[in-house]
Amino acid sequence: MINHTPQNQELPFLAAIFTVFLCALFGANAVAIKISLSGLGVFTTAGLRFSMASVAVFIWARITGRSFKIKSGQVHQLLIISMMFTVQLSLFYLGISKSNASRATLMVNLQPFFTLFLAHYFIPGDRITKRKTLGILLGFAGVVFVFLEKKGVTADFQVGDLIILFAAFLWACNAVYTKRIIHAFKPFHMVLYPMIFSVPFFFLEGFVWDGAMIAHVDTKVFCALLYQGLVTASFCFVAWITLLQKYGAVALHSFIFIMPVSGVLLGGLVLGEPITVNIIIALLLIVSGILLVNFKQKKPIPLFPLGRNV
């Protein structure tokens with residue numbers, strides 16, 4: 001059974017190294033999405049990814065003896081979460097198709113700052129402190145530098161950035177709502193059921209808007225799709241929730257600054273995206289904001305990591 005009370009222990013060395021590894025894998029997900037979009041439709045990619053992830057997480061839950069039962073009064077709550085999940089992921093995949101992996105990684109990492117702001121008003125006792133305010137300001141200052149970057153940037157890129165920014169805001173809304181009701185659920189329910197719900201809608205969107213749902217599938221596209229479905233949305237989730245049960249959210253979230261670093265660096269190395277001065281400044285500001293917000297955090301923050309399903 002899932003233990004809903006995190007232990008919040010200090011991570012031993014090997015666990016810390018593994019957490020760094022997981023965060024780097026989460027951060028690389030935007031790069032994998034960009035590669036898969038070279039041969040697959042935007043929404044078709046999302047549908048295929050979460051089809052694989054749903055099956056993998058379902059098998060894991062069965063093998064580990066987890067219960068799939070939910071109470072009748074919880075159905076509408078899961079429905080709300082599932083609808084928000086579908087919209088936010090649809091927007092994220094659409095946005096990244098118009099931007100690049102580096103910029104998308106920086107934009108989506110504004111999610112915790114949006115979450116902090118919303119939690120201040122909608123979660124009792126979850127207040128914004130001066131330290132958190134400074135962290136939020138640093139994060140949004142980073143976004144300013146993303147928009148100041150003009151090298152290789154078209155009007156389509158800026159539209160994509162705005163779409164991703166809105167997706168990050170919706171994700172924060174979902175996170176705050178989830179935080180209010182998570183005590184009544186097993187954590188994997190909040191991941192598995194929204195994924196299952198979203199799959200037919202992703203394929204419907206693909207049929208209507210993708211044009212060619214599957215243009216071509218080569219080794220790179222196939223491996224990138226497997227990475228999204230089986231690595232980040234399945235293996236990383238299972239590994240993260242296992243670490244979460246043992247060590248707690250506070251210890252794990254001390255490492256989430258690695259995600260934007262991983263995404264930006266791999267975007268440059270793998271995809272050849274420009275890593276300019278403005279992008280580096282944006283990265284430093286956003287990472288600094290994340291560190292400031294999470295440094296010696298006293299209360300557990302949302303149960304799942306930034307790259308959970310992105």
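Please treat every number below as a calculation from the coordinates, not as lab data. Note that the coordinates shown come from a computational prediction; the quantities given were computed from them, not determined experimentally. Positions of Cβ are generated from backbone atoms using ideal geometry, with glycine treated the same way; all protein chains shown enter the neighbour counts.
Other residues within the sphere of radius under 14 Å centred on the Cβ of ALA16, judged by their own Cβ, net out at 0 (K and R +1, D and E -1). If you take the Cα centroid of segment 82-135 and the Cα centroid of segment 148-197, the two points sit 6 Å apart. With the cut-off at under 20 Å, measuring from each backbone N in segment 112-140 to a point 7 Å along the Cα-to-Cβ line of LEU284 picks out 134-140.
Computed over the chain with a Gaussian network model linking Cα atoms closer than 10 Å, the most mobile of LEU25, LEU137, LEU40 is LEU137.
Treating r as the C-beta distance of VAL75 and CYS173 and R0 as 25 Å, the FRET efficiency rounds to 0.80.
Relative contact order for segment 177-298: what percent, with Cα pairs under 8 Å and sequence separation of 6 or more? Normalised by residue count, the contact order of segment 177-298 is 20 percent. The H on the amide N of GLU273, modeled in the peptide plane, is under 5 Å from the matching H of GLY268, each at least 5 residues off or on a different chain.
In segment 13-294, Cα pairs under 8 Å separated by at least six residues give a relative contact order of 44 percent. Between ARG127 and LEU226, the distance separating the two model label sites (each 7 Å from Cα on the Cα→Cβ line) works out to 5.2 nm.
As an exercise, identify the trypsin sites (Lys or Arg not before Pro) in segment 55-144 lying in DSSP coil whose Cβ has no more than 14 other Cβ atoms within 10 Å. Filter output for segment 55-144: LYS69, LYS71, ARG127.
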